[in-house]
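Q: Please read through the structure below; I'll follow up with questions.
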Protein chains: 2
Amino acid sequence: MNQPTIQEAIKVACSNCNLRELCMPVGFDSEDMQKLDEVVATRRRVKQGDLLFANGEEFTSLFAIRTGFFKTCISSADGREQVTGFQMAGEIIGLDGIVSDFHSCNAIALEDAEVCVMPFANIEDLSREFPLLQRHMHKVMSREIVRENGVMMLLGNMRAEERLAAFLLNLVQRLHARGLSQTEIVLRMTREEIGSYLGLKLETVSRAFSKFSEEGIIEVKQRYVRIIDPEALKKIFNPQTYC
Amino acid sequence: MNQPTIQEAIKVACSNCNLRELCMPVGFDSEDMQKLDEVVATRRRVKQGDLLFANGEEFTSLFAIRTGFFKTCISSADGREQVTGFQMAGEIIGLDGIVSDFHSCNAIALEDAEVCVMPFANIEDLSREFPLLQRHMHKVMSREIVRENGVMMLLGNMRAEERLAAFLLNLVQRLHARGLSQTEIVLRMTREEIGSYLGLKLETVSRAFSKFSEEGIIEVKQRYVRIIDPEALKKIFNPQTYC
DNA sequence: ATCAAGCTTTGATTCAAATCAACATAAGTG
DNA sequence: CACTTATGTTGATTTGAATCAAAGCTTGAT
């Protein structure tokens, strides 16, 4: 079902990875860290547009994103698509598959990407040995649950501009945590994909971008976005705190 | 922050609990099952309208619902409420607290309830000892993630009647799995709470109920609902499969 | 039993976002 | 490069759900 991808047999090591603080728990000594390298079996490259995994595929591994950008999405029986998340370097993807041993969404690379393949059996074995890793995995899953709670609030209660403001703030915050600019973004997704995530149509997303631009809150040119006035965005997202 | 509740020191045992197949993994021998009883420290009663836990409270335990019915909800800075789920007997509540060690939602009893208090430290200790329990906890969290994915699809893509149909079908399915009627429900929540969960206003929920009733799909009288034509509900929720 | 408060239903009107439509811009491809 | 296709913007119109409003039911308390 997936496009062919290169399976690299190169030796991979979390212990040397610059994303370690994002994917992995902190506080291990170097000896334990060596053992933890066993969670990652191999790396895998995924080309832009290709599937990392697909709905219905057997679940065997979680994936830690090393480089690149993904979306996860589900579709209803009559073909409506819902983007359920956007994932970037250092984030874990594939948690949906644990419950049934089959994936229940598609994960698609929005740019050329590389992931660390972490066989779930390895994760479970090492989690029993290392309480810190166990705790870490629990937190990763809980974080995803809490994120989705927030999305429910967005979709259930927020207006189009509030949703887009929240989306932009979340994106820059995560990019900033990875050492990228707090003010400039090059979006990896289309207006339609943003809209799908936020429960809006692409025209509505485009209009909200234009509105923010007219108001001098952001500068937009296609996928390039510069945040001129982050406080204004926060105020739109969260009016009460600012009145 | 919570209303006072009775802390019962009675000896509790999963090994004898009729909800065991819902809360706990299957496949243990009776000796291991005895050890697993340690996961539950005590039971706690929660009166209708009272909080099981509140946003901001320290997270120490997960709760398995023995009897009763809960809602979980979050509120935005300016006071908008979003119900993030309804939980019934045999379900686990409190997963939101794991990531930050503080709860990020309120859990409120919609009827008098009793829960098993499972200190998270106990769960983690026993999970390291018993791979089946470890796997079970992972599945519980993954199931919650997948449920929320489905809610995102509902809120992002579905119309009011489709949302209500999905909600009713989900509810009867879960009640049926607990040995209750597949056709008759007494709702534990108000129209407003249903609306909050589904991203709708209470009037819209009421109108959708009335519409289904006029069409002979359900019989409604306040909180009482009888499903006359479940296939029609499935068709509304999921038109493609039926055309 | 009576009253008050909370919930539910229904109708009239408004409004935010969807839809329909046209064009502009960018990105790929042979 | 020219041409096709994908993506993005903007305007006009429609529409589904929100809002505003009023009345009917239930439930629980005095």
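Q: Yes or no: the range A:123-140 includes at least one residue that is of a type in the set (Ser, Thr, Tyr) and touching an Asp or Glu at 6+ places or on another chain (Cβ under 9 Å).
A: no
Q: Kindly indicate whether residue B:172 is within 14 Å of another protein chain (Cβ to nearest Cβ) and away from DNA strand D (no atom under 13 Å from the Cβ).
A: Spelling it out, it is not the case that residue B:172 is within 14 Å of another protein chain (Cβ to nearest Cβ) and away from DNA strand D (no atom under 13 Å from the Cβ).
Q: Oh, and also: Residue by residue through the range A:78-112, note down the ones that are open to solvent by 40 Å² or more (accessible area, probe 1.4 Å), more than 26 Å from residue A:36 (Cβ to Cβ), of a type outside the set (S, T, N, Q) and within 11 Å of another protein chain (Cβ to nearest Cβ).
A: Answer for the range A:78-112, where residues must be open to solvent by 40 Å² or more (accessible area, probe 1.4 Å), more than 26 Å from residue A:36 (Cβ to Cβ), of a type outside the set (S, T, N, Q) and within 11 Å of another protein chain (Cβ to nearest Cβ): A:78, A:79, A:80, A:81, A:102.
Q: Still on this structure: For the subset of the range A:215-243 comprising residues that are surrounded by fewer than 14 Cβ atoms within 10 Å (Cβ to Cβ) and touching an Asp or Glu at 6+ places or on another chain (Cβ under 6 Å), which member is modelled with the highest pLDDT?
A: A:226
Q: Something else now. Using beta carbons and a limit of 7 Å, which pairs, at least six apart or on different chains, have the first residue in the range B:199-222 and touching a residue at least 40 places away in the same chain (Cβ under 8 Å) and closer than 13 Å to residue B:164 by Cα and the second one among the β-branched types (Val, Ile, Thr) and more than 6 Å from DNA strand C (Cβ to nearest atom)?
A: Partner pairs satisfying both residue conditions: B:205/B:194; B:212/B:218; B:218/B:225; B:218/B:227; B:218/B:228.
Q: Please go through (1) modelled with pLDDT of 95 or more; (2) within 16 Å of DNA strand C (Cβ to nearest atom) for residue A:107 and return the number of the only condition it doesn't satisfy.
A: (2)
Q: Do you know which residues across the range B:209-222 are farther than 19 Å from residue B:184 by Cβ and either near DNA strand D (Cβ under 10 Å from one of its atoms) or outside the structural domain of residue B:192 (by TED's automatic domain parsing) (or both)?
A: Within the range B:209-222, just B:211 meets the criteria.
Q: So residue A:25 clears everything in (1) at negative phi; (2) in a loop (DSSP other than H, G, I, E, B); (3) modelled with pLDDT under 95; (4) open to solvent by 30 Å² or more (accessible area, probe 1.4 Å) except one condition, right? Which one?
A: Looking at each condition in turn, residue A:25 falls short on (4).
Q: Residues of the range A:197-214 being within 11 Å of DNA strand C (Cβ to nearest atom), open to solvent by 20 Å² or more (accessible area, probe 1.4 Å) and not in a loop (DSSP other than H, G, I, E, B), which ones?
A: A:202, A:203, A:204, A:206, A:207, A:211 - these are the residues of the range A:197-214 that are within 11 Å of DNA strand C (Cβ to nearest atom), open to solvent by 20 Å² or more (accessible area, probe 1.4 Å) and not in a loop (DSSP other than H, G, I, E, B).
The values are calculated or read from the model by the stated rules, or taken from the named source; none is laboratory data. The structure displayed is predicted, hence computed values, not measured ones. Here Cβ is always computed from backbone atoms with ideal geometry, including for glycine, and neighbour counts include all displayed protein chains. In case anyone asks, the SASA skips ligands and DNA or RNA and just uses the protein heavy atoms, side chains included. Shrake-Rupley method; radii C 1.70, N 1.55, O 1.52, S 1.80 Å.
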